[in-house]
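Here the structure comes first, spelled out in structure tokens, and everything after it is commentary.
The values are calculated or read from the model by the stated rules, or taken from the named source; none is laboratory data. Computed from a prediction, not measured in an experiment: that's the story for all the values here. Heads up, the Cβs are rebuilt from the backbone with ideal geometry, glycines too, and the neighbour counts pull from every protein chain shown.
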Amino acid sequence: MMPSAGHPTSSSSAMTSPSPTLTPNLLPSGGHPIVADRPFQGAILTRSRWWAVMAVLLLLSVILAMLCLQLGTQYIGLGQIVGLLWSALFGAASEPDALRTTGVILLQVRLPRVFLGFLVGSCLAAVGVALQALLRNPLADPYVLGVSSGAALGVAVAVLFGIGTTVLALSLLPVCGFAGSLVALLVIYRMAASYDRLPIHSVLLAGVILNAIFSALIMFITSIMEPNRSFGMMAWLMGSLTAPAYPVLSALSAYLLVGLVLLLKQVRVLNILALGEEPARSLGINTERTKRVIFLLAALMTGAVVSFSGMIGFIGMIIPHAVRLVVGADHRLLLPASALVGGMFLMVADTMARTLFVPSEVPVGVITALAGGPFFVYLLVWRKDRLA
Amino acid sequence: MSRRQGEGGRIDTAAGACADAAQAYDLSELSFCYGRPGAQDVRWVLQDVTLQVKPGEILGIVGPNGSGKTSLLKLLAKLAAPQMGDIALFDRSLTGLSQEETAQTVAFVPQENAQLFPFTVAETVLMGRFPHRQRSNWSLGFGWENQDDCRAAAQAMETMDIAHLAARLVTDLSGGERQRTMIARALAQMPRVLLLDEPTAFLDLQHQIGICSVLRRLRDERGLTVVIVSHDLNLASQYCDRIAMLKDGRVAAMGTPSEVMSVENVREVYGCTVLIDAHPESGLPRITLPGPSLPVHP
């Protein structure tokens, strides 16, 4: 029956804090407990922790980039790299002839490729973080959801009709990729909107089906192309980071960096959205508009990335997962940290793709898929308690 | 009383300063259904609901499954919009308020809280500060919490007895701890109105009573208005100032626990006979399930 007064479970003892340091703060009415920052020590993301983690990751990125620049068919020493970069940046004294070919390899081939790898990896990881929060699904990834293959289809159609062949119109490829990925995201968005909360496995199923449809269409387009063009198409589809010329590369980077910054503007909102649709609304977010903005950004970035590097899978899923385990779930750190780690990951994976099987070059998409596929299965089977 | 003039469109959140005749909520002839009302087989979840919530009272909403309790709460939280009728929140129409303005006044604690992402308890509670965030273009969307935010969150966590869990992950909590975390998040919002959907469903006896007495304390100290959906008729009877009993989307009975909790009302609404006597301590109605000898449907 109901507990009477003086019973051990009466209201006053029910709310006594077990933590000895906090008990004195339970003051009678009107009293404001004096609260130090101590209760939150290590429990929340602070600005100092943010800077510390980001500084470490940035340093690590630079070190890894230097390492990746050294490796290749021809080994280039660190001293040479620094010297060449210095003279390229500041136009110092003309280098000796022996260094000229090394300089061309480094500056025209390796540097743009390493840079592109980092950029693409960053964007894919950042988009993965955003999609996971938005769909409340830790398995979301532009590749798994079919967003990448949507973009690839858009690009394939553009190539088929010769839109991408001229240098001047090269900027149209990302637009076509954007259109394709937008179609894929629209399908997923409609699905997500028709359910209260889309079950994790339904999202994956939608991705499987979208992937199947888009792949079939891409196959169709590839098979009716001229053989030499279709071969290039296949190589691109499997994911390759052959860097374009510097003007195109800088245009792409500007485009992607704007996307990243706009995504960074949503980090605190992503925290709230990760709680779920209704809690987010009850905390004052116009969820429909916010979701549309983030979906649009995801489509833009995926479209641009795919149009240059083809289908590189699973980065958007593995990286955020691993980073979340280390730095926590707060998107203010999770998103930029994932971007850096994703960049490093793809940079290293691409270096492996270039160097492991010389003189052949493995498509980098093969390496990321071989790393990401088993991880995906692991999450699906052994961590299913966390995905329910 | 004349219409409250909000400064810059915001409702004055200093509770008690204007505890005048304004109702916390004023619902008039509210009707609501999911989907389009023009459809063929439309089922109205709520029909002609007219009720007032007084500022600083605890209103319980009870009723059988599917009677529209949760839908009514969602309408109050502006999570759904009624097809007919109007909701006034402290004399201002809810439709005229933005989602964010509503969130600065009203906090909502949903019933089920599956957590997928490993936020810590402290981070989750601090999210309640989101509607009160400082906005500047220089912070990129980071909006770091300031001292006030931390103070409000820490206070809310102590009130809900979860301060010692601050660094734990919400994914690792028990159902009761998670529920208290969600209520703490709502309290960190510093609302004038707190809406709770079955807040005691996952809690053991100690924390059921704990939460109810905290709600009463907040009502007395801050003048907090509380609307609580509950299946537990006894809890509603002992802790609510007034009770609205819903049946098939309509208000079947409304009033103080002593007025509403009668054998006839419960039989009418729930379709079963219960025993009701006076609580030995409070004198309020106490509901007891019938013994096996009593027929379920009289």
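Overview of results
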| read-out | value |
| --- | --- |
| B:Glu145 vs. criteria within 14 Å of another protein chain (Cβ to nearest Cβ), of a type in the set (Asp, Glu), in contact (Cβ under 8 Å) with a residue 12 or more places away in the chain and farther than 18 Å from A:Arg281 by Cβ | yes |
| Some residue of segment A:230-252 being within 14 Å of chain B (Cβ to nearest Cβ), under 20 Å from the mean Cα position of the chain (by Cα), of a type in the set (Gly, Ala, Ser) and farther than 23 Å from B:Glu112 by Cα | no |
| Sole exception among (1) closer than 19 Å to B:Ile287 by Cβ; (2) modelled with pLDDT of 90 or more for B:Gln208, by number | (2) |
| When residues of segment A:204-259 are limited to those that are surrounded by fewer than 18 Cβ atoms within 10 Å (Cβ to Cβ) and outside any helix (DSSP H, G or I), the one modelled with the highest pLDDT | A:Ile224 |
| Whichever residue in segment B:154-167 is more than 8 Å from chain A (Cβ to nearest Cβ) and either within 23 Å of the chain's Cα centre (by Cα) or part of a loop (DSSP other than H, G, I, E, B) (or both) and, among such residues, is farthest from B:His132 (Cα to Cα) | B:Ile162 |
| Some residue of segment A:36-49 being at pLDDT 90 or above, within 30 Å of B:Ile162 (Cβ to Cβ) and either of a type outside the set (S, T, N, Q) or surrounded by 12 or more Cβ atoms within 10 Å (Cβ to Cβ) (or both) | yes |
| Residue that is nearest to B:Val109 (Cα to Cα) [pool: residues in segment B:192-228 that are of a type in the set (A, V, I, L, M) and without any contact (Cβ under 8 Å) to a residue 60 or more places away in the chain] | B:Ile211 |
| Candidate set: segment B:168-202, residues that are under 19 Å from A:Leu275 (Cα atoms) and charged (D, E, K, R); chosen: the one nearest to the chain's Cα centre (by Cα) | B:Asp197 |
| Residues (among the acidic types (Asp, Glu), more than 7 Å from chain A (Cβ to nearest Cβ) and under 22 Å from B:Leu165 (Cβ atoms)) located in segment B:101-142 | B:Glu112 |
| Residues that are part of a strand (DSSP E or B), away from every other protein chain (no Cβ under 11 Å) and in contact with a helix residue (DSSP H, G or I) (Cβ under 6 Å, 6 or more places away or on another chain), drawn from segment B:195-226 | B:Val226 |
